[in-house]
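Asks: Below: one structure in structure tokens.
The values are calculated or read from the model by the stated rules, or taken from the named source; none is laboratory data. All values reported here derive from a predicted model rather than from experimental measurement. Note: ideal-geometry Cβ built from the backbone for every residue, glycine included; neighbour counts use all protein chains shown. We work out accessible area using only protein heavy atoms, side chains counted, and drop any ligands, DNA or RNA first. Shrake-Rupley method; radii C 1.70, N 1.55, O 1.52, S 1.80 Å.
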Amino acid sequence: MDYLEVRFYNDVSLNEALIAWLGESDFQMFEEHEDGISAFIPEQDYKEEKVAELIRHIPGNENIRFEKSFIKDRNWNKEWESNFEPVTISDILYVRAPFHKAAKNGLREIVIEPKMSFGTGHHATTALMIELMAEPDFKGKSVLDMGCGSGVLAIFAKQLEADDVLAVDIDDWSIENTRENCLRNQAPSIRIQKGDVNVLGKEHFDFILANINRNVLLNDLNVYCSVLKSGGSLLISGFLTEDIDLLVEKASTFGLKKETEKRKEAWAALRFIK
Amino acid sequence: MAKEISTYIKLQVKGGAANPAPPIGPALGAKGVNIMEFCKQFNARTQDQPGKVLPVIITVYTDKSFDFVIKTPPAAVQLLDFAKLKSGSKEPNRNKVGTVNWAQVRQIAEIKMPDLNCFTIESAMSMVAGTARSMGITVEGERPF
């Protein structure tokens, strides 16, 4: 997504007031300087009249001036992605980049070139999801991967001989990246769709995978449940161990029963059965 | 041995809203840090304060690992929350911004004391009241000290 940096020049004593007021709009991140602030916003959300209206609250605003600069979307994570170590997850799966050597001793492997998408196997939540997925039988089953990121979980489901896999993400980079990684791993049949739970139709699934975050999961559990077949499994991660109880309780209100719980570092993953 | 520090990055990011875009992307990306990892951690640790501007100080080490500390919301952000509650509208009115009272100023001063370099609660309250003025919010009632 293309961004705008709006650079404000003002007395440093007004930095805090400016950030607070601009925080009332779609500005997401700020940086302080000795002569003002920089405020960052997706270009599509920028409204000049809104900025003018917010600044008007600040006494002495006539001395505040600002200029905008356009920041073209690019892969900011390239530096890290050009040189990282491959990962082995619990003797189940070897996740590597195209520039790494292939797995030794015939371990199952997935090749990921991430491009600013989540899911390189390095994060505890990805490892936990892979471990959860290694237990049940995916053969011939239908699978939904919500928040697919790099596509690593969808590809793994396909390797476990799932029949039909749908991968969904709200992020443009993730959609593009999942597409590339599916081809790279001989999984061209995975269907890919951009969006959130609103793109889900009447289709029902044997497995739903969602490594996202606590708030999104809490919000969307009811939808996951509604598109999960009876007897099907919901596998979730992306939340902290302290949030396990909250998620288990919420899931139970939709008739989902906790089957497995896994923890790694501060993170957790759960498998529910409908 | 302690890890060698490469740099500190100070930003203010809304709770739960970190994404690999500017300024996080360029700042961390240039240092070879895995931005996706930072965003996942930051968002999980700030999920109870969605949309609230939070100062974060990120320490980047020479081995490309990182640590970060999340501070309490700036006094100005907390003042605006109180002022909005009082006016009863989510969108602050253009002309009449709203007011806060001294009890609220004290509440914020207590939270911010560690960051303000103040020895007494009164001097911290004075600073918070000054912030209120600088942003066009009136502190109602008689000054209690």
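Asks: So, in Å, what gap is there between the alpha-carbon centers of segment B:24-61 and segment A:92-107?
Replies: Cα centroid of segment B:24-61 versus Cα centroid of segment A:92-107: 29 Å apart.
Asks: Have a look at A:Gly119, A:Gly106, A:Gly195 and tell me which one the Gaussian network model of chain A (Cα, springs below 10 Å) gives the largest fluctuation.
Replies: Maximum among the listed residues: A:Gly106.
Asks: With chain B treated as a Gaussian network of Cα nodes joined by springs under 10 Å, which of B:Ala132, B:Ala103, B:Ala83 yields the largest mean-square fluctuation?
Replies: Residue with maximal mean-square fluctuation among B:Ala132, B:Ala103, B:Ala83: B:Ala103.
Asks: Work out the length of the dipole vector of the protein assembly as shown about its Cα centre, built from +1 on the beta-carbon of each Lys and Arg and -1 on the beta-carbon of each Asp and Glu, and round it to the nearest 20 debye. Present the calculation step by step, with values, prior to reporting the outcome.
Replies: Working: 50 positive and 59 negative charges, 103 e Å.
Computed charge dipole of the protein assembly as shown: roughly 500 debye.
Asks: Continuing with the same structure: Equivalent ellipsoid semi-axes for segment A:94-249, as square roots of 5 times the alpha carbon gyration tensor eigenvalues: give them largest first, rounded to whole Å. Can you show the working numbers first?
Replies: Working: eigenvalues 109, 57, 51 Å².
Ellipsoid half-lengths, sorted descending, are 23, 17, 16 Å.
Asks: Where the centre of each part is set by its Cα atoms, how far does segment A:111-148 sit from segment A:188-218, in angstrom?
Replies: So the separation of the two Cα centres works out to 13 Å.
Asks: Around A:Ile212, with a cut-off of 13 angstrom between Cβ atoms, what is the net charge of the other residues, counting Lys and Arg +1 and Asp and Glu -1? Display every interim value, and only then the final one.
Replies: Working: positive: A:Arg214, B:Lys40; negative: A:Asp145, A:Asp169, A:Asp171, A:Asp196, A:Asp220, A:Asp243.
Spelling it out: positives minus negatives among the neighbours equals -4.
Asks: Where Lys and Arg each count +1 and Asp and Glu each count -1, what net charge lies around B:Phe42 among other residues with Cβ under 14 Å from its Cβ?
Replies: Numbers: positive: A:Arg214, B:Lys10, B:Lys14, B:Lys40, B:Arg45, B:Lys52, B:Lys71; negative: B:Glu37, B:Asp48, B:Asp67.
With Lys, Arg at +1 and Asp, Glu at -1, the net is +4.
Asks: With the dipole of the protein assembly as shown worked out from charges on the C-beta (+1 for Lys and Arg, -1 for Asp and Glu) around the Cα centre, which of B:Asn34, A:Leu183, B:Pro50 lies farthest toward the positive end?
Replies: A:Leu183
Asks: Hey, another quick one. Using the alpha carbon gyration tensor of chain B, what are the three equivalent-ellipsoid semi-axes (square root of 5 times each eigenvalue), largest first, in whole Å?
Replies: Details: eigenvalues 235, 69, 24 Å².
Three semi-axes, in Å: 34, 19, 11.
Asks: Looking at segment A:1-109, which GluC sites (Glu not before Pro) are DSSP coil and have at most 14 other C-beta atoms within 10 Å of their C-beta? Numbers along the way, then the final one.
Replies: Details: sites: A:Glu5, A:Glu16, A:Glu24, A:Glu31, A:Glu32, A:Glu34, A:Glu43, A:Glu48, A:Glu49, A:Glu53, A:Glu62, A:Glu67, A:Glu79, A:Glu81, A:Glu109; in loops: A:Glu24, A:Glu34.
Sites meeting the loop and neighbour criteria: A:Glu34.
Asks: Let me ask another. Give the calculated FRET efficiency between B:Asp81 and B:Ala30 to the nearest 0.05, with a Förster radius of 45 Å applied to their Cβ-Cβ distance. Walk me through the numbers before you get to the answer.
Replies: Working: r = 34 Å, r/R0 = 0.76.
Calculated transfer efficiency: 0.85.
Asks: Now for a separate question. Express as a percent, rounded to the nearest 5, the fraction of DSSP beta bridges in the protein assembly as shown (both residues included) that run antiparallel.
Replies: 65
Asks: So in segment A:29-114, what percent of DSSP beta bridges are antiparallel if you round to the nearest 5? Walk me through the intermediate numbers first.
Replies: On the way: 8 of 11 bridges.
Just about 75 percent of them are antiparallel.
Asks: If you wrap a convex hull around the C-alpha atoms of the protein assembly as shown and split its volume per residue, what is the figure in Å³? Don't skip to the answer; put the middle values down first.
Replies: Numbers: hull volume 68.7 nm³, N = 419.
Residue-normalised Cα hull volume stands at 164 Å³.
Asks: In addition: In degrees between 0 and 90, to the nearest 10, how far off the longest principal axis of chain B does helix B:121-134 point, with axes built from Cα atoms?
Replies: 90
Asks: Only Cα pairs within less than 10 Å get springs; with that Gaussian network setup on chain A, which residue of A:Leu235, A:Leu93, A:Leu183 has the largest fluctuation?
Replies: A:Leu183
Asks: Considering the zone a paramagnetic label at A:Glu32 would reach in this model (a point 7 Å from Cα along the Cα-to-Cβ line), which residues of segment B:11-25 have amide N under 11 Å from it?
Replies: Residues passing the 11 Å test: B:11-12.
Asks: Per DSSP helix of 4 or more residues, -39500 (n - 2.57); summed, then divided by the residues of chain A. What does that give at 222 nm, rounded to the nearest 500?
Replies: -7500 deg cm²/dmol
Asks: Here is a further query. Note the full-extension length gain between A:Arg65 and A:Thr241 as 0.36 nm times their separation in residues minus their Cα-Cα distance, in nm to one decimal. Intermediate values should be presented prior to the final figure.
Replies: Details: separation 176, 0.36 × 176 = 63.36 nm, distance 4.60 nm.
Full extension from A:Arg65 to A:Thr241 adds 58.8 nm.
Asks: Here's a follow-up. With θ set to phi - 60°, apply the Karplus curve 6.51 cos²θ - 1.76 cosθ + 1.60 along segment A:30-44 and write out the HN-Hα couplings as whole Hz, x wherever there is a Gly or Pro.
Replies: Result, rounded to whole Hz: 9, 9, 8, 10, 6, 10, x, 9, 10, 10, 10, 8, x, 3, 5.
Asks: Also, quick follow-up: Could you pull out the pairs from B:Lys10/B:Lys112; A:Lys229/A:Lys264; B:Lys31/B:Lys52; A:Lys50/B:Lys52; A:Lys101/A:Lys158 whose alpha carbons sit more than 25 Å apart here?
Replies: Pairs exceeding the cut-off: A:Lys229/A:Lys264; B:Lys31/B:Lys52.
Asks: Continuing with the same structure: Using the Cα centre as the reference, give the magnitude of the dipole from point charges on the C-beta atoms of chain B (Lys, Arg: +1; Asp, Glu: -1; all else neutral), rounded to the nearest 20 debye. Walk me through the numbers before you get to the answer.
Replies: Details: 18 positive and 12 negative charges, 79 e Å.
Using Cβ point charges on Lys, Arg, Asp and Glu, chain B gives about 380 debye.
Asks: Sticking with this structure for a sec: In the protein assembly as shown, what percent of the accessible surface is made up of carbon and sulfur (1.4 Å probe, ligands and nucleic acids excluded)? All intermediate terms of the calculation are to be shown ahead of the outcome.
Replies: Values: 9200 of 19110 Å².
Whole-percent figure for carbon plus sulfur exposure: 48.
Asks: Per residue of A:115-125, what is the mean number of Cβ atoms on other protein chains within 10 angstrom of that residue's Cβ?
Replies: Working: counts 0, 7, 2, 7, 1, 3, 0, 3, 5, 2, 2.
Mean number of neighbouring Cβ atoms from other chains: 3.
Asks: When the distances between all Cα atoms of segment A:176-269 are binned every 10 Å from zero, what whole-number percent does each bin get?
Replies: 14, 43, 32, 11, 0
Asks: Among A:Phe254, A:Leu218, A:Gly232, whose Cα projects farthest towards the positive end of the dipole of segment A:174-268, with charges put on the beta-carbon of Lys, Arg (+1) and Asp, Glu (-1)?
Replies: Going by the charge dipole, the pick is A:Gly232.
Asks: For helix B:102-116, report the angle its Cα long axis makes with the longest principal axis of the Cα atoms of chain B; keep it between 0 and 90° and round to the nearest 10°.
Replies: That helix lies at roughly 30 degrees to the long axis.
Asks: Let's see if you can work this out: charge +1 on each Lys and Arg Cβ, -1 on each Asp and Glu Cβ, no other charges. What is the dipole magnitude of segment A:56-161 about its Cα centre, in debye to the nearest 20?
Replies: Details: 14 positive and 14 negative charges, 80 e Å.
That gives segment A:56-161 a dipole magnitude of about 380 debye.
Asks: Can you give me the convex hull volume of the Cα atoms of segment A:74-182, divided per residue and expressed in Å³?
Replies: Details: hull volume 10.5 nm³, N = 109.
About 97 Å³ per residue, rounded to a whole number.
Asks: How much area per residue is accessible in the protein assembly as shown when the probe is 1.4 Å and only protein heavy atoms are counted (Å²)? Don't skip to the end; give the middle numbers.
Replies: Values: 19110 Å² over 419 residues.
Averaged over the residues of the protein assembly as shown, the accessible area is 46 Å².
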